[in-house]
Amino acid sequence: NAGVTQTPKFQVLKTGQSMTLQCAQDMNHNSMYWYRQDPGMGLRLIYYSASEGTTDKGEVPNGYNVSRLNKREFSLRLESAAPSQTSVYFCASSLKQATNEKLFFGSGTQLSVL
Amino acid sequence: AQRVTQPEKLLSVFKGAPVELKCNYSYSGSPELFWYVQYSRQRLQLLLRHISRESIKGFTADLNKGETSFHLKKPFAQEEDSAMYYCALRSQGNLIFGKGTKLSVKP
């Protein structure tokens, strides 16, 4: 049981380049999330998908787009990367976006934008 | 506005000493609070949630609505407790995380 799988684990981009971070879960979860983790800032929600077919902005959505491709997969796209997007990105999922449901996290993607 | 505050970036204690990681929240309504932990080279994972009133790995956390706090406590810290700890508040279905506290337990 792989849980939440993110690819790639590491990525270096030049300013202006684009890339897509992939996330898949095999737990039949309905809700999926993208967070970024920055030193001294904790985890901040970028986008989430409460259920298949829906996506919504979180706290820091600017510069990102997402696609809930199907129930399993939720991708995060940077159309034109900026140095401010250097961060560690975590995908997470939960059975549903509801009370007491715990989040399962991926292992993270360390992104550097030069 | 909903907010989670963890005032300490770093907390360093000796093995066997008591440890308390502070968490304060701002929320209008009945809060749902969690503690997540990230050990070195491991994924972020749920440690405990207030609604379950559970004790995990010797840690407990009590919700104090009067002080709007949800501090994480352990009477005797172990070296393997060294990790990054995040307090989280559920708001409108999603989790708001604090900035985290790095706990270092020295031998």
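So that you can scan it fast, the table gives a plain yes or no per residue for (1) closer than 25 Å to A:Lys57 by Cβ; (2) hydrophobic (A, V, I, L, M, F, W, C):
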site: B:Leu10; (1), (2): no, yes
site: B:Phe14; (1), (2): no, yes
site: B:Ala17; (1), (2): no, yes
site: B:Cys23; (1), (2): no, yes
site: B:Gln42; (1), (2): no, no
site: B:Leu46; (1), (2): yes, yes
site: B:Lys65; (1), (2): no, no
site: B:Tyr85; (1), (2): no, no
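State all residues of segment B:72-82 that are within 22 Å of A:Lys102 (Cβ to Cβ) and crowded, with 18+ Cβ neighbours inside 10 Å; if no residue qualifies, say none. B:Leu72, B:Lys74, B:Asp81 - these are the residues of segment B:72-82 that are within 22 Å of A:Lys102 (Cβ to Cβ) and crowded, with 18+ Cβ neighbours inside 10 Å. Do we find a residue being touching an Asp or Glu at 6+ places or on another chain (Cβ under 7 Å), among the aliphatic types (A, V, I, L, M) and farther than 22 Å from A:Gly108 by Cα anywhere in segment B:56-68? The answer is no, given that none of the residues of segment B:56-68 is touching an Asp or Glu at 6+ places or on another chain (Cβ under 7 Å), among the aliphatic types (A, V, I, L, M) and farther than 22 Å from A:Gly108 by Cα. Scanning segment B:53-86 for residues being of a type in the set (A, V, I, L, M, F, W, C) and assigned to a strand (DSSP E or B) gives a total of 6.
Screening segment A:71-107 for residues that are within 24 Å of A:Gly16 (Cβ to Cβ) and in a loop (DSSP other than H, G, I, E, B) and picking the one that is farthest from the other protein chains (Cβ to nearest Cβ) gives A:Ser80. Summed over segment A:45-66, residues that are surrounded by 18 or more Cβ atoms within 10 Å (Cβ to Cβ) and assigned to a strand (DSSP E or B) total 6. Among the residues making up segment A:52-70, none is over 16 Å from B:Asn94 (Cβ atoms) and within 14 Å of chain B (Cβ to nearest Cβ). In the set B:Leu89, B:Leu11, B:Leu46, only one residue is in a strand (DSSP E or B) and surrounded by 21 or more Cβ atoms within 10 Å (Cβ to Cβ); that residue is B:Leu89. For B:Leu95, the test of being within 30 Å of A:Tyr47 (Cα to Cα), surrounded by 13 or more Cβ atoms within 10 Å (Cβ to Cβ), under 13 Å from the mean Cα position of the chain (by Cα) and in contact (Cβ under 8 Å) with a residue 12 or more places away in the chain is failed. Scanning segment B:23-41 for residues that are more than 10 Å from chain A (Cβ to nearest Cβ), outside any strand (DSSP E or B) and either surrounded by 13 or more Cβ atoms within 10 Å (Cβ to Cβ) or at pLDDT 90 or above (or both) yields B:Cys23, B:Tyr27, B:Pro31, B:Tyr39, B:Ser40. When restricted to residues that are within 8 Å of chain B (Cβ to nearest Cβ) and touching a residue at least 40 places away in the same chain (Cβ under 8 Å), segment A:36-48 contains 2. Residues that are surrounded by 14 or more Cβ atoms within 10 Å (Cβ to Cβ) and of a type in the set (Lys, Arg): does segment B:50-71 have at least one? No - not one qualifying residue is present in segment B:50-71. Note on segment B:98-107: among residues that are of a type in the set (Lys, Arg) and not in a loop (DSSP other than H, G, I, E, B), the one that is nearest to the chain's Cα centre (by Cα) is B:Lys102. Among the residues of segment B:63-107, those that are within 14 Å of chain A (Cβ to nearest Cβ) and among the β-branched types (Val, Ile, Thr) comprise B:Ile96, B:Thr101.
The values are calculated or read from the model by the stated rules, or taken from the named source; none is laboratory data. Worth saying up front: this structure is predicted, and the values here are computed from it rather than measured. Please note: Cβ atoms are built from the backbone with ideal geometry, for glycine as well, and neighbour counts cover all protein chains shown.
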